[in-house]
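To start, the structure under review is shown below, and the notes come after it.
The values are calculated or read from the model by the stated rules, or taken from the named source; none is laboratory data. In this text, all values refer to a predicted model and were calculated from it rather than measured experimentally. Here Cβ is always computed from backbone atoms with ideal geometry, including for glycine, and neighbour counts include all displayed protein chains. Only protein heavy atoms, including side chains, enter the accessible area calculation; ligands, DNA and RNA are left aside. Shrake-Rupley method; radii C 1.70, N 1.55, O 1.52, S 1.80 Å.
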Amino acid sequence: MQETVLKPLIEQRADPYIYRHTDGYYYFTASVPQYDRIELRRASSIAALAGAETVDVWTKPDTGPYCELVWAPEIHFNEGAWYIYFAAAPSREIKDKLFQHRMYAIRNRNANPLEGEWEFMGQVDTGIDSFCLDATTFTHKGRLYYLWAQKDVAIEGNSNLYIAPMKTPWQIEGRPVMLSKPEFDWETRGFWVNEGPSVVRRDGRIFISYSASATDENYAMGLLWADEEADLLDPTSWTKSREPVLRTCYEHGIYGPGHNSFTYAEDGETVMLVYHARTYTEIVGDPLWNPDRHTFVKPLRWDEQGMPVFGRPSTL
């Protein structure tokens with residue numbers, strides 16, 4: 001079968017998140033290159049998101065604990081209201097080799113989240129006072145879960161993956177449970193990182209994709225999975241792939257795929273993989289300030305054992 005080389009859906013949007021709501025619309029948000037605000041767009045199809053109007057729904061304040069480096073927003077509809085989860089820092093200062101990000105939530109009760117007022121709900125406190133980011137949520141058997149990346153001072157690296165149940169859509173309850181930490185070679189190139197978790201379910205399993213290593217061409221994606229009947233708060237319920245499931249494609253020039261989300265195609269059944277990647281490796285200076293991480297979307301495939309097949313980032 002001849003390969004079709006992918007082109008970006010939306011340029012210069014990293015950490016992309018696409019959510020298909022019951023109203024028939026797709027909602028898109030991502031990190032903007034300036035890291036100074038949260039924008040939303042919506043459309044009746046995934047393709048139409050590329051040309052959809054963008055609305056700035058929240059802008060960082062000039063001072064305070066969340067006045068810098070607004071990263072990786074995600075929009076969710078939880079318990080009858082819209083929530084955006086994001087990370088932000090009090091400054092651009094690096095302490096103990098890390099930025100000082102914490103996680104926050106805003107809420108909108110309007111039917112259309114591009115309209116109405118967004119209410120600041122405060123910090124999502126995990127009980128661990130350290131660098132954290134990349135929160136997502138999902139509901140399983142009527143229970144809302146929070147899934148994110150955070151630093152443990154006792155573990156080498158930038159961040160590990162944690163899960164906890166939620167008391168409200170902006171508060172967790174119980175103690176965080178670590179599901180994964182950087183340990184394999186492909187997770188520790190440039191930086192020791194596990195981050196950007198995202199959830200998809202199929203045929204009795206729950207899958208968590210995540211990203212690892214530095215955000216240049218070494219960035220790659222891994223996978224955890226558990227039986228849907230298992231205790232999701234028990235780390236032994238989860239199996240971790242020893243090899244990346246998506247990595248740089250040098251042949252077609254798509255580098256550092258990662259920080260993905262999942263959505264569904266217009267047929268309501270086909271799982272779509274949403275991720276960012278770069279189209280060149282010659283980055284001048286810190287990759288953080290290079291704006292050219294672009295949003296890509298392609299179908300996720302499945303093998304005979306019911307496992308997701310991510311393929312190559314460059315092709316359908």
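Structure data summary
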{"quantity": "Qualifying residue in the stretch 31-51 (condition: over 20 Å from the mean Cα position of the chain (by Cα), modelled with pLDDT of 95 or more and among the charged types (D, E, K, R))", "calculated": "no"}
{"quantity": "Filtered residues of the stretch 111-127 (kept if open to solvent by 60 Å² or more (accessible area, probe 1.4 Å) and in contact (Cβ under 8 Å) with a residue 12 or more places away in the chain)", "calculated": "ALA111, GLU119, PHE120, GLN123, ASP125, GLY127"}
{"quantity": "Residue count, the stretch 128-137 (criterion: open to solvent by less than 10 Å² (accessible area, probe 1.4 Å) and touching a Leu at 6+ places or on another chain (Cβ under 8 Å))", "calculated": "2"}
{"quantity": "Subset of the stretch 138-154 (residues that are touching a strand residue (DSSP E or B) at 6+ places or on another chain (Cβ under 9 Å) and open to solvent by 60 Å² or more (accessible area, probe 1.4 Å))", "calculated": "THR139, ARG143"}
{"quantity": "Filter result (free of Cβ contacts under 8 Å to residues at least 12 places away in the same chain, of a type outside the set (A, V, I, L, M) and over 19 Å from SER211 (Cα atoms)) within the stretch 269-288", "calculated": "GLU269, GLU282, GLY285"}
{"quantity": "Residue match in the stretch 304-314 (condition: within 29 Å of TYR25 (Cβ to Cβ), in a strand (DSSP E or B) and open to solvent by less than 30 Å² (accessible area, probe 1.4 Å))", "calculated": "yes"}
{"quantity": "Spans of strands (runs of 3 or more DSSP E) in the stretch 35-108 with at least 3 residues closer than 16 Å to ARG20 by Cα and open to solvent by less than 30 Å² (accessible area, probe 1.4 Å)", "calculated": "37-43, 68-78, 81-89"}
{"quantity": "Tally, over the stretch 166-200, of residues that are under 30 Å from ARG109 (Cβ atoms) and out of contact with any strand residue (DSSP E or B) (no Cβ under 7 Å at 6 or more places or on another chain)", "calculated": "3"}
{"quantity": "In the stretch 1-34, the residues that are open to solvent by less than 10 Å² (accessible area, probe 1.4 Å), out of contact with any His (no Cβ under 9 Å at 6 or more places or on another chain) and within 30 Å of SER91 (Cα to Cα)", "calculated": "ILE18, PHE28, THR29, VAL32"}
{"quantity": "MET166 vs. criteria of a type in the set (A, V, I, L, M, F, W, C), open to solvent by 30 Å² or more (accessible area, probe 1.4 Å), farther than 18 Å from ALA72 by Cβ and not in a loop (DSSP other than H, G, I, E, B)", "calculated": "no"}
{"quantity": "Condition broken by ASN218, with the remaining ones in (1) free of Cβ contacts under 8 Å to residues at least 60 places away in the same chain; (2) not in a loop (DSSP other than H, G, I, E, B) satisfied", "calculated": "(2)"}
